[in-house]
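Presented below is the structure to which this report refers.
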Amino acid sequence: MKKIQIVCSFIMLSLVCSTISFAADTIKIGALFSVTGPASFLGGPERNTAQMVVDEINKAGGVKGRKLELIVYDTAGDATKAVQLATKLIKNDKVVAIVGPSTSGESMAVIPVAEKEHIPLVSCAASIKITEPVKKWVFKTAQNDALAVAKIYEHLQKIKQTNVAILTVSDGFGSSGREQLKAQAEKHGIKILSDDTYGPKDTDMTAQLTKIRGSQAQAVIVWGTNPGPAIIAKNARQLGIKTPLYMSHGVSSKKFIELAGDASEGLRLPSGRALVADMLPKSDPQKKSLLSFLKDYQNHFKAEADTFGGHAWDAVMLVKNAIEKGGDSPAAIRDQLEKTRNFSGISGIFNFSESDHAGLTKDAFVMIEIKNKDWMIVK
Amino acid sequence: MQFDQVLQYALSGLSTGAIYALIGIGFSIIYNATGIINFAQGEFVMLGGMLTLFFLELLKVPIWGAIPCAIAVSTVAGLLFERLAIRPLRQPTPINLVIITIGGSILIRGLAMLLWGKDTHALPPFSGDEPIAIGGATILPQHLWILGITIVIIAINKFYFYHTISGKAMRACAYNRRAAGLVGIDVRRMVLFSFIISSAMGAVAGIIVAPLTMVAYDMGVMLGLKGFCAAIIGGMSSGIATVVGGLLLGVLESLGAGLISSGYKDAIAFIILLLLLFLRPQGLFGKPESERV
C-alpha cells in the first residue's frame, strides 16, 4: 500500500514539475469568447479560429522558438462572467494579452479590468464605443457599423442614387445602424425620404415596403440580421419593387441567400473580403491571409469559415506579431500593437496609432452583389 | 394617399389576419371545452413548421408526405401534453392550468431548440412564388393557400360542432361541464379531443405560413400572442367572430404600419387588446354574460 502511495506522489510531483518547466517556455495568451449562449454564432467560430491559428503558429516553430499557449474561457455571453474570467486569466493564468470578448457588451465590461491590470485587450466586437474614446490598453478587430454605412453611402453617391428610404430592425443592431445612417447622410449628400422600422420577430413587412414604394426613394437600405432582411427581400419581390435594395453587413453569410432564395438576386451589401476571397485581384494585399485562413479552417473543421472567425484570426495574429517585434511583456505588446501598420488581416488592413485603436477604414468593406446565389464584387 | 396603396395594406392585412384567425380558433376551442387558455398554442404552430422542415430536409419525404406527417406528430404532441401535463393535475384551478400551459410552451420551445438548433430555415412555397396582381396590389400564391385553407378549416369546424355527436357533446361541455357529465358525456375525453383538434389546427397554421415567415424554434411566441388577441376580439367564440377578430387585427396592424408609423405596429395590436379587455371583455360581438343565481 505504502509503495503505491510513494509511486503515486512521485508521479504527481513529476507531473507538477513538468508543467512548471513547460509553462516557463510558453507564452500564455488568454481568450474570452461566448462559445455558448445567445452570441454563440460569434463565439463558436472565434474560439475555433483562435485555437487553429495558435496551433498553426506552434507547428511552424512558434514565436522566436517559444510556443504559444491559448487559454480559452467561455463567457456564455454574460458580461459579469466575462469580467470574472478576465480577472482569472490575468491573476491565475498570468496571460500576457487577452483576445476577445465576442460581444460589445462584454467588451465594455472587461475594459476597466484590462486598463487597471495593464494587460492588452484585443476585442473581437464591433461597437465603436470600445475604442472611442481611445483606451490605452484596448484594441479591436471587428469593423464598425459606421464604416459599413460610409461604404454604402459612398457607393450610392457614386451611382447618384441619393434619395433613400431606410428600414431598420428595432433591436440593438438596427438602432445603432439607424443612428449611423441618419448621422452620416448629410455628409455624403444623401437624403432620407422615409425612415421605417420593423420588429425582430415580424413576419410580414409589405406594409412598410408599400409605403416606401409610394415615396420617391431611389434606393432602400435595410439594416438587420436574419431572418428579417430575407422576409423583406421576399416581400419586395412580391410587391414588384424595382428600387434597388441594399442590406447591411449583418446578413453577409450564405444563410441569407438560402433564406431569401430567388428574392436575393441583385441585392447589394457591404461585406468583409472573406466572402469573396477567391475573386479578389492578385494585387489585393489581403488575399494571401484570406486564402490561408479559409483553407486552414476548411482543413481543421471541415466547414466553411465566416467573417466572425476572421475577427479572432486578426486578434491572435496582431498579438503574435507584436510579441515577435517587442518581446512578451504586456507593456511591450501594447506598444507594438499601437505601432502596427499595414497589417493585412481578414477584416481589413490595420493601421493602429495613438489616436486610433480600431485601425480600419471603410475600405475594410467591399460592396458585393448577389448573383446566381453567389457573391460578386461590385466594380 | 393612393388607392392601390391602401388596397395593398388591406390585402397584406387580410392574409396575415387569416393566420391570426386560425391560431385564435385553436385558443377558443380549448377555452370552450375546458375553460383554460392554452398559452402553448403558439408552440404547436412552431411544431407544424419545424416538423415539416424536419421531414422534408432530413428525412427527404416529399412535401405532400411531409405535411400530413408533421400534422400527425404535432397532434400526438398535443395529446401527450394533455395527458401528461393537464389531466394529472389534482386541483385544476384556472390559474394553475394557465401556468402549466405557459410552462409547457417553454418546455416545447426549449426541446425544439435543442433538437433543431437556433437557426432560421426557409420552406419552399406550395405552388411557386410568382406574385399575382389584384388591381394595383399584389399577393403571392401562398396567400391564396392561407385564405383557402383557413376557410376550409373553419367550415369543417362549423360542421363538426353543429352536426356531429361528438361536436355537440363538446359544446355541451362548454355550456356546463357538470350537466354534460350527468347526461353521460365523457368530459375528460372531450377535453382530450379539444387539445387534439387545436394542436392539429395550430400545426396547419404553422405549415401554411412557414413559406412566408420562415421557421425557427421561437416563431410561436409572437404568433401565439397575436392569435390570442384575435380570440379575445372574437369573444373566445370558436366560430366566425374569432375569424373576424383575426382579420380585423391583421388589417389594423397593416394599416397602422403603413399610414401611421411602422414602429407602433405591435403597439396598435396590443392597445386594441387592452381596450377590448377594459371596455368589452365579452368580445366585440358577444353579449354580456349574466350569471343566474
Exercise. Alpha carbon centre of the range A:279-339 versus the range A:44-80: separation in Å?
Worked result: 12 Å
Exercise. Per-residue ellipticity at 222 nm for the protein assembly as shown, helices alone: DSSP H runs ≥ 4 residues times -39500 (n - 2.57), over residue total, nearest 500 deg cm²/dmol?
Worked result: -18000 deg cm²/dmol
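Defining a contact as two alpha carbons under 8 Å apart and six or more residues distant in sequence, what relative contact order in percent does chain B show?
Details: 460 pairs, mean separation 110.6, N = 293.
Relative contact order for chain B comes out at 38 percent.
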Exercise. Charges only on Cβ, +1 for Lys and Arg, -1 for Asp and Glu: so what's the dipole of the range A:146-271 about the Cα centre, in debye to the nearest 20?
Worked result: 320 debye
Exercise. Which shape class, rounded, prolate or oblate, goes with the range A:146-271 when its Cα gyration tensor gives a ≥ b ≥ c as root eigenvalues, a/c under 1.5 marks rounded, and past that a/b bigger than b/c marks prolate?
Worked result: rounded
Exercise. Quick one: what does P(r) look like for the protein assembly as shown with 10 Å bins over all Cα pairs, in whole %?
Worked result: 3, 14, 21, 20, 17, 13, 7, 3, 1, 0
Exercise. Can you pull the mean other chain C-beta count within 10 Å for peptide B:216-224?
Worked result: 2
For this session: State, as an integer percentage, the relative contact order of the range B:211-264 based on alpha-carbon contacts under 8 Å between residues 6 or more apart.
Result: 20 percent
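Give me the one-decimal Kirkwood hydrodynamic radius in Å for chain B, with the sum taken over alpha-carbon pairs. Could you put the intermediate results ahead of the total?
On the way: mean 1/r = 0.0511 Å⁻¹.
It is 19.6 Å.
Show me the ranking of peptides B:43-53, A:209-219 by mean Cβ neighbours inside 10 Å, starting with the highest. Before the final figure, lay out each step's value.
On the way: B:43-53: 28.9, A:209-219: 19.7.
Those peptides, ordered most packed to least, come out B:43-53, A:209-219.
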Exercise. To the nearest Å, what is the center-to-center distance of the range A:119-171 and the range A:191-215, using C-alpha atoms only?
Worked result: 23 Å
Problem set entry | Angle between chain A longest axis and helix A:145-158 axis [Cα atoms, degrees, rounded to 10] | 40 degrees
For this session: In nm, give the distance between the simple-model label positions of A:His118 and B:Ile151, each being 7 Å from the Cα along the Cα-to-Cβ direction.
Result: 7.9 nm
Exercise. Got a sec to turn the phi values of the range B:256-270 into Karplus ³J(HN,Hα) couplings, 6.51 cos²θ - 1.76 cosθ + 1.60 with θ = phi - 60°, whole Hz, x for Gly and Pro?
Worked result: x, 5, x, 9, 9, 7, 5, x, 9, 4, 5, 4, 4, 4, 7
Exercise. Other chains' Cβ within 10 Å of A:235-247 residues: what's the mean?
Worked result: 2
For this session: Once you have a ≥ b ≥ c as the square roots of the Cα gyration tensor eigenvalues for chain A, tell me rounded if a/c is under 1.5, and otherwise prolate or oblate according to whether a/b is larger than b/c.
Result: prolate
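Counting pairs of alpha carbon atoms under 8 Å apart in space and at least six apart in sequence, what relative contact order in percent does chain A give? Display every interim value, and only then the final one.
Working: 740 pairs, mean separation 62.4, N = 379.
Over chain A, the number comes to 16 percent.
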Seminar exercise, completed: Note: probe point = Cα of B:Trp64 + 7 Å toward Cβ; backbone nitrogen < 11 Å; residues of the range B:99-133 passing the test are none
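Once you charge only the Cβ atoms, +1 for Lys and Arg and -1 for Asp and Glu, what is the size of the charge dipole of chain B about its Cα centre, to the nearest 20 debye?
Working: 18 positive and 13 negative charges, 248 e Å.
In debye, rounded to 20, chain B gives about 1200.
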Exercise. Could you give the distance between the Cα centres of the range B:234-259 and the range B:127-176, to the whole Å?
Worked result: 15 Å
For this session: Using the charge dipole of the protein assembly as shown (Lys, Arg: +1 at Cβ; Asp, Glu: -1 at Cβ; taken about the Cα centre), state which of A:Gly77, B:Met170, B:Gly181 has its Cα farthest towards the positive end.
Result: B:Gly181
Seminar exercise, completed: Each residue of B:129-140 has, on average, a number of other protein chain C-beta atoms within 10 Å of its C-beta equal to 3
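Give me A:Asp171, A:Asp202 sorted ascending by neighbouring Cβ count inside 10 Å, so fewest comes first. Can you show the working numbers first?
Details: A:Asp171 15, A:Asp202 24.
With the sparsest Cβ surroundings first, the list reads A:Asp171, A:Asp202.
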For this session: Excluding B:Gly246 itself, calculate the net charge of residues whose Cβ lies under 13 Å from the Cβ of B:Gly246, where each Lys or Arg counts +1 and each Asp or Glu counts -1.
Result: 0
For this session: Place +1 on the Cβ of every Lys and Arg and -1 on the Cβ of every Asp and Glu in the range A:278-379, take the dipole about the Cα centre, and give the residue among A:Gly345, A:Ala331, A:Ala312 whose Cα lies farthest towards its positive end.
Result: A:Gly345
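May I ask for the net charge around A:Glu106, where only other residues with Cβ less than 9 Å from the Cβ of A:Glu106 are counted and Lys, Arg are +1 while Asp, Glu are -1?
Around A:Glu106, the charge tally is 0.
Which peptide among A:245-255, B:141-151 comes first, and what is the full order, when sorted by highest mean count of other Cβ atoms within 10 Å? Before the final figure, lay out the partial values.
On the way: A:245-255: 22.4, B:141-151: 18.6.
Answer by packing, highest mean first, reads A:245-255, B:141-151.
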Seminar exercise, completed: Applied in sequence order to the range A:264-273, the curve 6.51 cos²θ - 1.76 cosθ + 1.60 (Karplus, θ = phi - 60°) yields integer Hz couplings, x standing for Gly and Pro, of 7, 4, x, 6, 10, 7, x, 8, x, 6
Exercise. Amide H to amide H under 5 Å from A:Ser248: which residues, 5+ apart in sequence or cross-chain, H placed 1.01 Å off N in plane?
Worked result: A:Val222, A:Gly224
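Each reported figure results from applying straightforward, stated rules to the coordinates on display, with no laboratory input. Not measured: the values here are computed from a predicted model. Here the Cβ is made from the backbone with ideal geometry for all residues, glycine too, and neighbour counts use every protein chain on show.
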